[in-house]
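Q: Have a look at the structure that comes next, please.
The values are calculated or read from the model by the stated rules, or taken from the named source; none is laboratory data. The shown structure was predicted, so the numbers you read here are calculated from the model rather than taken from an experiment. Every residue, glycine as well, gets a Cβ built from its backbone with ideal geometry; the counts of neighbours run over all protein chains shown.
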Amino acid sequence: MKIPLKYTLRNFRSRRLTTAITITGITLVVFVFTAVLMLAAGVRKTLVATGSTENVIVARKSAQGEISSIILNETYNIVMSLPQVAKGSDGKPVASGDVVVVINLPKIGAEAGISNVTVRGVSQAAFQLRPQVRVVEGRMFNWGAREVVVGSSITRRFEGVQLGSTIKFGGDVWSVVGRTDAGGTGFDSEIWGDVSQLQDAFSRQGAFSTLTFRMTNPDQLDQIKRAFEEDNRLQQFEPKTEKAFFEEQSQFMAIFIEVLGIFITVFFSVGAIIGAMITMYAAVANRTVEIGTLRAIGFRRRSVLAAFMTESLLIALIGAAIGLFMASGLQFFTVSTMNWGSFSELEFSFTLTVEILTYAVVFAILMGITGGFLPAVRAARLNIVNALRSA
Amino acid sequence: MANSIIQVENVSKAYRRDTFDIPVLNNISLSVSEGDFLGLMGPSGSGKTTLLNLVAGIDRPSKGRVVVGGTDIGTLSETALAKWRATHVGFIFQFYNLIPVLTAYENVELPLLLTSLSKAERKKHVEFALQVVGLADRMYHYPKQLSGGQEQRVAIARAIATDPTLLVADEPTGDLDKQSAEEILTLLERLNKEFKKTIVMVTHDPRAAEKAHTVRHLDKGELK
């Protein structure tokens, strides 16, 4: 039979301060751990949501991202002739050859400095391909004009890009005529304009960065890949679903955040574990006579072990619960940072997933077990006679 | 002796300190009859408590045998010995050793948690034990809300809750005023007479020893 749980719980109450301090240590570690994973999950979620599984994006195989990819007009035309490219009601392919460039803009805030922003030149079908991108303020840019629409995150974070302003880049002045909302996807962190205007401004006539088209059927990717492999003219290019493409763009950043974050929290956790260990050793020392009495009465070593392990685990779990509660509040915040996949600023929010929750709880349990094990073993191995004598 | 409940046969006990052994008990033999009330007296360091611990199964002899109720307790494993204590021995300590975070009721219930009794049956046992010691009205008090004498009575209730055959008491009146000590001794006497408990009590107190049927003196590890 086990030593009753109320014994453990009431001992918490009888030494509130040390228990509270230990719980705080675990809380902070769980908070940081969860926050970091939420950050990485936020990057993934934003970029994964950016792409659709119905669209295929074609980029040069050797390109690291959109800005380093070049697709010439001839290639564009060859791809457009593939039977898998969906046609719109007007008989034209639902496809957009995009020109993607990066420009510098000043961030809002005195000390914020400048940062990179993606400017995407799109064709008319782009809004059909990416229906999540909508003009929510002002108007759509005119085709054939040096006009742009700016993503909501850019409007929030950069100076001089608000509706009615003008931006200088590519040797010309561009009017901001609208603000877009892309539903929290990566397109929220982009400026869009007419592709032919951008080709002209950046001297890229006859070339795109990437091209995106809608498949007639979402399961045709394999056929398309085969077509690319079989055609000599397309072998340097790689078709991927738009979703997979943007997911890859998130990998480097997400993994970097995760690795760095986990590394830091593991260091922190050593502190919290030592804290828990000291608390538990003190608990054992204070209750030596009680342990001796319980053992004399007939409670077994393993019951004593279990009681102290339970105590340590409870401390860890309470810490985890508070830490997770605090971290869940971060979901209301968005952050913006450089995404190395596209070399430009990306805004995303902290995202809590069931997976992260599980990891955090498991992490806390591990801290509880590690911190509590040695003191619990000591308690269980106390010699009854010596323990009783310390009265 | 036909109805002997405790047989201590040629028992020696030494404690190891660093590299040398300190002898505490030296070839002791003792027999306690069922229903006896044995008082162990002797100066400090004479080995009284050590002998009591051996009889109660919380310590093991270096040499010799301790047989209690027909069981050679030296042969039991740690786990079996814990189970044996839970069933056969009730402990009464000088400083009561109640668990401070548990109420009188919960303290008395502790040894019953080691039995297969249901919650309702445990309740009956606890209430009966507290009634025997005259503290039925203090069931939900915590140890710190009780006087020393009352605490010791709760500890006695805890010792008898499982109805063990043997009660071991280590200086049960050592921390009490005269009147409380008297009450505790009367209670022990009653447990011995009315409830037929065999009691082994270590004491310094001559008044306590008076209540015992048999008194044995220990000196320098030897029984006189």
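Q: Given B:Pro111, B:Pro100, which one is surrounded by fewer than 19 Cβ atoms within 10 Å (Cβ to Cβ), at the interface with chain A (Cβ under 8 Å from one of its Cβ atoms), closer than 17 Å to A:Lys6 by Cα and not small (Gly, Ala, Ser)?
A: After ruling out the rest, the residue left standing is B:Pro100.
Q: So, in segment B:163-176, exactly how many residues are surrounded by fewer than 24 Cβ atoms within 10 Å (Cβ to Cβ), farther than 14 Å from B:Lys196 by Cα and within 13 Å of chain A (Cβ to nearest Cβ)?
A: 4
Q: Restricting to segment B:115-158, give me the number of residues that are under 26 Å from B:Asp177 (Cα atoms), within 12 Å of chain A (Cβ to nearest Cβ) and either of a type in the set (D, E, K, R) or not in a helix (DSSP H, G or I) (or both).
A: Of the residues in that region, 3 qualify.
Q: Given the residues A:Gly319, A:Gly341, which is the only one that is of a type in the set (Gly, Ala, Ser) and modelled with pLDDT under 95? Full working, then the answer.
A: Details: A:Gly319 fails: modelled with pLDDT under 95.
Just a single option satisfies the conditions, and that option is A:Gly341.
Q: What are the residues in segment A:66-92 that are surrounded by 12 or more Cβ atoms within 10 Å (Cβ to Cβ) and in a helix (DSSP H, G or I), if any?
A: Correct list: A:Asn73, A:Thr75, A:Tyr76, A:Ile78, A:Val79, A:Met80.
Q: Also, quick follow-up: Quick one: which of B:Gly90, B:Gly57 is touching a Phe, Trp or Tyr at 6+ places or on another chain (Cβ under 8 Å), at the interface with another protein chain (Cβ under 10 Å from one of its Cβ atoms) and not hydrophobic (A, V, I, L, M, F, W, C)? Spell out the reasoning first.
A: Numbers: B:Gly90 fails: touching a Phe, Trp or Tyr at 6+ places or on another chain (Cβ under 8 Å).
Answer to the selection: B:Gly57.
Q: While we're looking at this one, here's another question. Cβ-Cβ below 7 Å, separation at least six or inter-chain, first residue in segment B:53-76 and surrounded by fewer than 17 Cβ atoms within 10 Å (Cβ to Cβ), second of a type in the set (Phe, Trp, Tyr): which pairs?
A: Taking only residues 6 or more apart or on different chains, the pairs are B:Thr71/B:Trp84; B:Leu76/B:Trp84.
Q: Keeping to segment A:203-215, report how many residues are touching a residue at least 12 places away in the same chain (Cβ under 8 Å) and loosely packed, with under 14 Cβ neighbours inside 10 Å.
A: Within segment A:203-215, residues that are touching a residue at least 12 places away in the same chain (Cβ under 8 Å) and loosely packed, with under 14 Cβ neighbours inside 10 Å number 1.
Q: Condition test on B:Lys83, is it on the phi < 0 side of the Ramachandran plot and within 7 Å of another protein chain (Cβ to nearest Cβ)?
A: Yes: the conditions hold for B:Lys83.
Q: On to the next question. Kindly evaluate A:Thr22 against the criterion of being in contact with a helix residue (DSSP H, G or I) (Cβ under 8 Å, 6 or more places away or on another chain), modelled with pLDDT of 90 or more and assigned to a helix (DSSP H, G or I). Step through it out loud before you land on a result.
A: On the way: in contact with a helix residue (DSSP H, G or I) (Cβ under 8 Å, 6 or more places away or on another chain): yes; modelled with pLDDT of 90 or more: yes; assigned to a helix (DSSP H, G or I): yes.
It is true that A:Thr22 is in contact with a helix residue (DSSP H, G or I) (Cβ under 8 Å, 6 or more places away or on another chain), modelled with pLDDT of 90 or more and assigned to a helix (DSSP H, G or I).
Q: Between a residue in segment A:288-299 that is without any contact (Cβ under 8 Å) to a residue 60 or more places away in the chain and any residue that is small (Gly, Ala, Ser), which pairs come within a Cβ distance under 6 Å, given they are 6 or more apart or on different chains?
A: If the second residue must be small (Gly, Ala, Ser), the pairs left are A:Gly298/B:Ala82; A:Gly298/B:Ala86.
Rundown of residues vs (1) of a type outside the set (A, V, I, L, M, F, W, C); (2) under 21 Å from A:Phe343 (Cβ atoms); (3) within 14 Å of chain B (Cβ to nearest Cβ); (4) in a helix (DSSP H, G or I), yes/no style:
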position: A:Phe246; (1), (2), (3), (4): no, yes, no, yes
position: A:Ser250; (1), (2), (3), (4): yes, yes, no, yes
position: A:Phe267; (1), (2), (3), (4): no, no, no, yes
position: A:Ile278; (1), (2), (3), (4): no, no, no, yes
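Q: Can you tell which of A:Leu357, A:Leu324 is in the same structural domain as A:Ile262 (by TED's automatic domain parsing), within 19 Å of A:Leu37 (Cβ to Cβ) and surrounded by 19 or more Cβ atoms within 10 Å (Cβ to Cβ)? Please lay out each step first, then the result.
A: Details: A:Leu357 fails: surrounded by 19 or more Cβ atoms within 10 Å (Cβ to Cβ).
Within the list A:Leu357, A:Leu324, the selection yields A:Leu324.
Q: Please verify whether A:Gly178 is in a loop (DSSP other than H, G, I, E, B) and either touching a Ser or Thr at 6+ places or on another chain (Cβ under 6 Å) or touching a residue at least 40 places away in the same chain (Cβ under 8 Å) (or both), treating the condition exactly as stated.
A: no
Q: May I ask you to verify whether A:Gln124 is over 13 Å from A:Glu190 (Cα atoms), out of contact with any helix residue (DSSP H, G or I) (no Cβ under 8 Å at 6 or more places or on another chain) and either assigned by TED's automatic domain parsing to the domain that holds A:Thr185 or among the polar types (S, T, N, Q) (or both)? First the steps, then the outcome.
A: Working: over 13 Å from A:Glu190 (Cα atoms): yes; out of contact with any helix residue (DSSP H, G or I) (no Cβ under 8 Å at 6 or more places or on another chain): yes; either assigned by TED's automatic domain parsing to the domain that holds A:Thr185 or among the polar types (S, T, N, Q) (or both): yes.
Yes: the conditions hold for A:Gln124.
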